[in-house]
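Here it is, the structure, as structure tokens.
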Amino acid sequence: MRTLQFLLIFLFVGISLYAQDIQKIGWVNSQTILEQYPPAIKAQSDLDALTSKWTKSLDSMTSDLQTAYAEAQKQFTNMTPEKQREVQQELVQKEQQMQQFRQQKFGQPNGELFIKQEELLKPIKADILKAIDKVRQAEGMNFVFDKNSDIVLLFADPKYDLTNIVLDKLKRGK
């Protein structure tokens, strides 16, 4: 009877250890990687510069439109009805140009900013995924989650955090 109990306990422990080895899970923080990976930092800097340039243009267009509105209001009573319609059309046209510029530069998914972001970040994300896969293989992980994705990760044990290992691999270029 003792031998049977010992055999059952040994079998249970063996199965438990085997089952634990099958499901090895790790996680990364993609936001941390993007904030610390030099090519991603450069790409974000380029995008920020482009955004700033376009925002300044929009601010200038807005200021011009406000000035034109103010001038039109001052002179509106002294204008003929035909001139009033002409001024109103010019103001509407300026406002439409401003909206078109905003849509062209910042609109999703066809705006220039969105397209440039995809262009710059696509190869960087591919490099990150390759590095994650190499780390996953080296660490013997079956699953790797991204802590910042839409998948809800309620708890992440720091001992399974692969973020720094992936960053190291990316920075070394291996």
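The values are calculated or read from the model by the stated rules, or taken from the named source; none is laboratory data. In this text the structure is predicted, and so the values were computed from the model without any measurement. Reconstructed Cβ throughout: ideal geometry from the backbone, glycine too, with neighbour counts over all protein chains shown.
Report yes if some residue within the range 94-103 is out of contact with any helix residue (DSSP H, G or I) (no Cβ under 9 Å at 6 or more places or on another chain), under 30 Å from Gln31 (Cβ atoms) and either of a type in the set (S, T, N, Q) or assigned to a loop (DSSP other than H, G, I, E, B) (or both); otherwise report no.
Within the range 94-103, one or more residues are out of contact with any helix residue (DSSP H, G or I) (no Cβ under 9 Å at 6 or more places or on another chain), under 30 Å from Gln31 (Cβ atoms) and either of a type in the set (S, T, N, Q) or assigned to a loop (DSSP other than H, G, I, E, B) (or both).
Any residue in the range 40-67 that's free of Cβ contacts under 8 Å to residues at least 60 places away in the same chain and over 13 Å from Lys94 (Cα atoms): show its pairings with residues that are surrounded by 13 or more Cβ atoms within 10 Å (Cβ to Cβ) and of a type outside the set (A, V, I, L, M, F, W, C) at Cβ separation under 7 Å, as long as the two are six or more apart or on different chains.
If the second residue must be surrounded by 13 or more Cβ atoms within 10 Å (Cβ to Cβ) and of a type outside the set (A, V, I, L, M, F, W, C), the pairs left are Trp54/Lys105.
Here's something else I'd like to know. Glu86 - would you say it is in contact with a Leu (Cβ under 7 Å, 6 or more places away or on another chain), part of a helix (DSSP H, G or I) and over 26 Å from Leu47 (Cβ atoms)?
In short, no.
Residue-wise test of (1) within 30 Å of Gln97 (Cα to Cα); (2) modelled with pLDDT of 85 or more.
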| residue | (1), (2) |
| --- | --- |
| Thr3 | no, no |
| Lys24 | no, no |
| Gln31 | no, yes |
| Pro39 | no, yes |
| Lys42 | no, yes |
| Thr51 | yes, yes |
| Thr55 | yes, yes |
| Ser60 | yes, yes |
| Ser63 | yes, yes |
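Can you name the number of the only condition in (1) more than 20 Å from the chain's Cα centre (by Cα); (2) among the small types (Gly, Ala, Ser); (3) surrounded by fewer than 11 Cβ atoms within 10 Å (Cβ to Cβ) that Ala138 fails?
All conditions are met except number (3).
Considering each of Asp146, Asp157, Asp150 in turn, give the residue that is touching a strand residue (DSSP E or B) at 6+ places or on another chain (Cβ under 9 Å) and surrounded by fewer than 12 Cβ atoms within 10 Å (Cβ to Cβ).
Asp157
Considering only residues that are in a loop (DSSP other than H, G, I, E, B) and in contact with a Lys or Arg (Cβ under 8 Å, 6 or more places away or on another chain), look in the range 153-174 and name the one that is modelled with the highest pLDDT.
Across the range 153-174, the extreme among qualifying residues is Leu162.
Contact list please: Cβ distance under 9 Å, first residue in the range 91-104 and over 20 Å from Gln73 (Cβ atoms), second residue not in a helix (DSSP H, G or I), pairs at least six apart or on different chains.
Partner pairs satisfying both residue conditions: Arg102/Gly111; Gln103/Asn110; Gln103/Gly111; Gln104/Asn110; Gln104/Gly111.
Out of the residues in the range 81-110 that are under 16 Å from Tyr69 (Cβ atoms) and of a type in the set (D, E, K, R), which is modelled with the lowest pLDDT?
Ranking the qualifying residues of the range 81-110, first place goes to Lys83.
Looking at Leu113, Leu129 in this structure, which one is over 29 Å from Leu58 (Cβ atoms) and under 16 Å from the mean Cα position of the chain (by Cα)?
Leu129
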